[in-house]
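Note sheet for the following structure.
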Amino acid sequence: MGIIRTKDLVYEYVRRDEEGNVEGFTTAVDKVDLDVQPGEFIAILGHNGSGKSTLAKHINAILNPTEGSVWVDGMDTSEEEHIWDIRQRAGMVFQNPDNQIIGQVVEEDVGFGPENMGVTTKEIWERVEESLKAVGMYEYRRHSPNKLSGGQKQRVSIAGVLAMHPKCIVLDEPTAMLDPKGRREVIRAVRALNEVEGITVVLITHYMEETIHADRVFVMDSGKIAMEGTPRQIFSQVERLQELRLDVPQVTLLAHELRRKGVGLPEGILTVEELADALAGSR
Amino acid sequence: MSIILDHVNYIYGEDGPLAVKALDDVCLQIPDGQFVGIIGHTGSGKSTLVQHMNGLLKATGGHIYFNGEDIYDRDFPMKKLRSRVGLVFQYPEHQLFEVDVFSDVCFGPKNLGMDKKEAELKAFDALRKVGMPMELYYQSPFELSGGQKRRAAIAGVLAMAPEILILDEPTAGLDPKGREEILRQIKELQVQTGMTILLVSHSMEDVAEYVDRIVVMNKGRVMYDGAPKEVFAHYRELEEVGLAAPQVTYILHALKDRGFDVDVNATTTGEAVETVLHALGRIPEAFRP
Amino acid sequence: MLRDITLGQYYQTESVIHRLDPRVKLGGTLGYIISLFFFRNFLGYGVAAVFLATVIGLSHVPFRFIVKGMKAIVFLLLITVTFNLFLTPGTEVVSVWRLTITVEGLRTAVTMAIRLTMLIIGSSLMTLTTTPNNLTDGMESMMKPLKALRVPVHEVAMIMSIALRFIPILLEETDKIMKAQIARGADFETGNIVRRARALVPLLVPLFISAFRRANDLAMAMEARCYRGGEGRTKMKPLVYQRRDRLGQICILAYLAISITAGRLRL
């Protein structure tokens, strides 16, 4: 069994009007089946309100399914006794860099998770050091988080999760509030976690270009998984992606338009170099 | 309705030990009716720059002229300047506070001393201009979706009927569709009203399609100032300061390196398609008889 | 604007005082403050001033920085002094219109000014040299006996530490919302009290909403990182008394003995 598995996962919440009367139900996640293997890099794409963040919060047992089940490392998230083991094994990084840093000094923030887990003082220091080094923030360990850039703050948050020695890490739109430079920093750190440390990554985003290194991409729409496949398979369906309110990278779009005009190009081009080479070959 | 910045300097915490030069000898002239993109990464001084244009920050050196008048003259009506140069902040939905969208949009015009009826007319007009669906006018602003909240907030500034509209990262935090919708709406507004618009952004790709002119800010200085094509020609230098030209610029340069006769100045996907087809020896549809 | 308030904001540098155990500093500050109320003559204040100057010197915090922080409370100081100056009954010195200055008033006002200034400098020195986290750790540790009385000591300490982390963020946010509303023509500076209070609504509503949203986010992030109260929690930086802390305690005790003795001499 995979490290993260969901079966028929449904999450509904009650909508209320101003007086607090029940207006109806909204199904945020609708019958989702997911099976993530250890060491995989999974990307979940979708526009705002597609249910991707709600899905992510189930993996960390912040939300419990209305119907169906979620297992993390073989443990059912709805069973109260596993909750802390699950949160340790599936760490989570959120969107707003300011609202998830608890410590007032970078190193103290990274130590927060291990402290909660009851790790010994000596080991906390070791973990903090290795985690900050893994995200390239070690030299900032004594800084105040308020003085860091958005990308640096997010890397500190990633280190904070890493220090808990998780098997997998879920990142819920970690780049949505960053500038291009910050986004690149964070994505680079995330890829390093996956490739060097072998940690399973679930990256939730609405930027398509951040998913090109993923092993598998899921596209969500109205709570359902609308598309699933390798980045290449996904990127080759430009029209479908646009229907799902996603922004196709210019290189993919250009290749798609050229193909439509009769230029012999393969579908699902991901990078600038690929396109240039393919065009050079087609001549 | 031009704005001229003449050797403007701004230093944060001037007398303290941590003085930072946020603006360094900035000279700019923004003529009437232009759509300008101001690009730079976080901390480049772009937000500081626009806050000078409506007098929220006061330059520590240099002059700013609004329609030929020095705004730092003692008898210059600063409050009036704020209504004529509308500034929409980053994440503007964070300033919504009224019980419904419509009253919130009325806040600005009322502050300008308009009577109720006039303010309401302005609010209606502004809400229409930003494309807010009618049925949401009397909803609580806090119950709207992210994109709609932002529209409401933009309308709140627009209702003051400014002659110049400055938007500081109006697309931050929105999803791709939301970004495109907002940008289109702004462009439409500019075409319809002929208003001068300044769009602050960190994304070249976002603004390339819409603006007439791009001003690149770096370390408080104006690094480049010109038409998008001219600015993107410096894509290597832009890369060095942490900014990127649109992806098509890279594609076209990569093709050029491989011996294609493409026009590297194309900035949008549409233009790129044409020049690539042309280089491949196919006549683009647009030019067929 | 609001960001300029530096009173007691942690000043990062290396010094003996910075490295001192927070419990020593807390105890020392408390002792110092109490000592200020024991003095009957100016000699006591002299001893206290020497002590304070020594500590400031050791702390490597520039005196200018401390003074800058004081600016925020000058007003408060002035009010206290003025009240004491004019409202203390006693032997008259000068009398203008209905206001009378007395010898006693003069004396109380001067003493009050000295005492308050020294009190504020002394206590702000503690926060200047102690990271807020360290400070809350110290308080938590010192208040441990209260746990027996069912005081949620850990929780209180955690709340304080979070509040301290978010104060700069919320101040910045206040600044931003204020500017944004000014750009929409809001006026925070003119008009009578009622008008001004009403003008705050467009500032306070967004600020509260933002604070609640942040609190919500933070609670979720803390839970996601396995936070479940103080039970079974270990410390990354546990408080252990070092040699320098013992030394510090001795110095403080010595100061208390000397200053109070000197301060109560009948000169």
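Comparing mean-square fluctuations of B:Gln148, B:Gln190, B:Gln95 from a GNM of chain B with C-alpha springs under 10 Å, the top value falls on B:Gln95. Given the options C:Arg213, C:Arg198, C:Arg107, state which has the largest fluctuation in a GNM of chain C using a 10 Å cut-off (strictly under) for Cα springs. Most flexible of the set in this elastic network: C:Arg198. If you average the alpha carbon positions of the stretch B:99-165 and of the stretch A:1-66, how far apart do those two centres end up, in angstrom? If you average the Cα positions of each part, the centres end up 34 Å apart. For the stretch B:3-228, carbon and sulfur atoms together expose 48% of the accessible surface, with a 1.4 angstrom probe and every protein chain in place. Using a loss threshold of 40 Å², tell me which positions in the stretch C:169-183 are less accessible in the complex than in their chain alone. Probe radius 1.4 Å, ligands and nucleic acids ignored. By number: C:Lys176, C:Lys179, C:Ala180, C:Ile182, C:Ala183.
Within the stretch A:172-205, the residues that become at least 30 Å² less accessible when every protein chain is included than when their own chain is isolated (1.4 Å probe; DNA, RNA and ligands ignored) are A:Met177, A:Asp179, A:Pro180, A:Lys181, A:Arg184. Provide the FRET efficiency to the nearest 0.05 for the A:Ser69-C:Glu231 pair, computing r from the beta carbons and using R0 = 41 Å. Rounded to the nearest 0.05, the efficiency is 0.90. Among the chymotrypsin sites (Phe, Trp or Tyr not before Pro) in the stretch C:113-215, those located in a DSSP loop and surrounded by at most 14 other Cβ atoms within 10 Å of their own Cβ are C:Phe188.
Here the simple spin-label model places points 7 Å from the Cα toward Cβ, and for A:Glu267 and A:Asp35 these points are separated by 2.5 nm.
One Cα centroid belongs to the stretch C:145-186, the other to the stretch A:137-183; the line between them spans 22 Å. Residue separation of C:Ala163 and C:Leu58 scaled by 0.36 nm, minus their Cα-Cα distance, works out to 34.9 nm of gained length. Secondary-structure-derived ellipticity at 222 nm for chain C, considering helices only, amounts to -22500 deg cm²/dmol, per-run term -39500 (n - 2.57) for DSSP H runs with n ≥ 4.
Counting only complete DSSP H runs, which helices of chain C cover 18 Å or more along their long axis at the Cα atoms and score a mean Kyte-Doolittle of 0.0 or above?
Helix filter hits for chain C: C:22-36, C:42-59, C:74-87, C:103-129, C:153-183, C:201-224, C:243-263.
The B:Phe76 and B:Lys187 beta-carbon pair, evaluated with R₀ = 30 Å, returns a calculated FRET efficiency of approximately 0.40.
Probe radius 1.4 Å, ligands and nucleic acids left out: can you give me the accessible area buried at the C-A interface, summed over both chains, in Å² to the nearest hundred?
Values: alone 17710 and 13920 Å², together 28390 Å².
Summing both sides, the interface buries roughly 3200 Å².
A DSSP coil position with no more than 13 other Cβ atoms inside 10 Å describes the following GluC sites (Glu not before Pro) in the stretch C:6-109: C:Glu14.
Taking only Cα atoms, what is the 0 to 90° angle, nearest 10, from helix B:101-111's long axis to the longest principal axis of chain B? Roughly 70 degrees between the two axes. Computed from Cα atoms, the angle from the helix B:176-193 axis to the main principal axis of chain B rounds to 70 degrees.
Net length available on complete extension from C:Thr190 to C:Thr80 is 36.9 nm, with 0.36 nm assigned per residue and the Cα-Cα distance removed.
Accessible area per residue for the protein assembly as shown in Å², computed with a 1.4 Å probe and the full protein assembly in place, what is it? Could the numbers behind the result be given before it?
Values: 38220 Å² over 839 residues.
Accessible area per residue: 46 Å².
For the stretch B:21-47 versus the stretch C:83-114, the inter-centroid distance based on Cα atoms is 58 Å. For chain B, the longest piece that avoids every one of the trypsin sites (Lys or Arg not before Pro) found in DSSP loops with at most 16 other C-beta atoms within 10 Å covers B:75-218.
Note on the stretch C:132-236: with neighbouring protein chains present and a 1.4 Å probe, carbon and sulfur make up 66 percent of its accessible heavy-atom surface. In summary, the aspartates and glutamates within cross-link reach of C:Lys147, defined as a Cα separation below 20 angstrom excluding same-chain residues under 8 places away, comprise C:Asp137, C:Glu155, C:Glu231. Applying 1/(1 + (r/R0)^6) with r as the Cβ-Cβ distance of C:Gln9 and B:Asp261 and R0 = 56 angstrom yields a FRET efficiency of 0.35.
To the nearest ten degrees, helix B:269-279 and the longest principal axis of the Cα atoms of chain B are 20 degrees apart.
How high is the relative contact order of chain A, in percent, counting Cα pairs under 8 Å that sit 6 or more residues apart?
On the way: 568 pairs, mean separation 59.4, N = 283.
Once normalised by length, the contact order is 21 percent.
Under a Gaussian network description of chain B, with springs only between Cα atoms under 10 Å, the residue in B:Met53, B:Met114, B:Met160 that fluctuates furthest is B:Met114.
Sum -39500 (n - 2.57) across every DSSP H segment of at least 4 residues in chain A, then divide by the residue count to get the 222 nm mean residue ellipticity, nearest 500.
Values: 10 runs with 104 residues, N = 283.
Here the helix-only value at 222 nm equals -11000 deg cm²/dmol.
Residues with beta-carbon under 14 Å from that of B:Gln190, excluding B:Gln190: net charge, scoring Lys, Arg +1 and Asp, Glu -1? Could you put the intermediate results ahead of the total?
Working: positive: B:Lys129, B:Arg184, B:Lys187, B:Arg213; negative: B:Asp32, B:Glu163, B:Glu188, B:Glu209, B:Asp212.
Spelling it out: positives minus negatives among the neighbours equals -1.
Sites listed here are chymotrypsin sites (Phe, Trp or Tyr not before Pro) in the stretch B:121-164 whose DSSP assignment is loop and whose Cβ has at most 12 other Cβ atoms within 10 Å: B:Tyr138. Taking 7 Å steps out from each Cα toward its Cβ at A:Glu123 and A:Arg259 produces label points 5.1 nm apart. Run the numbers on the stretch C:229-244: which residues show a drop of 10 Å² or more in accessible area, chain on its own versus all protein chains together, using a 1.4 Å probe over heavy atoms? In the stretch C:229-244, residues shielded by partner chains: C:Gly232, C:Arg233, C:Thr234, C:Lys235, C:Met236, C:Lys237, C:Pro238.
Percent of accessible area on chain A owned by carbon and sulfur, 1.4 Å probe?
Carbon plus sulfur share of accessible area: 43 percent.
If you take the accessible area of A alone, add that of B alone, and subtract the area of the pair, what total do you get in Å², probe 1.4 Å, to the nearest 100? The summed interface area works out to 3000 Å².
The values are calculated or read from the model by the stated rules, or taken from the named source; none is laboratory data. Since we're looking at a predicted model, the values are computed, not measured. Methodologically, a virtual Cβ is constructed for each residue, glycine included, from the backbone with ideal geometry; neighbour enumeration extends over all protein chains shown. Side chains included, ligands, DNA and RNA excluded: accessible areas come from the protein's heavy atoms. Shrake-Rupley method; radii C 1.70, N 1.55, O 1.52, S 1.80 Å.
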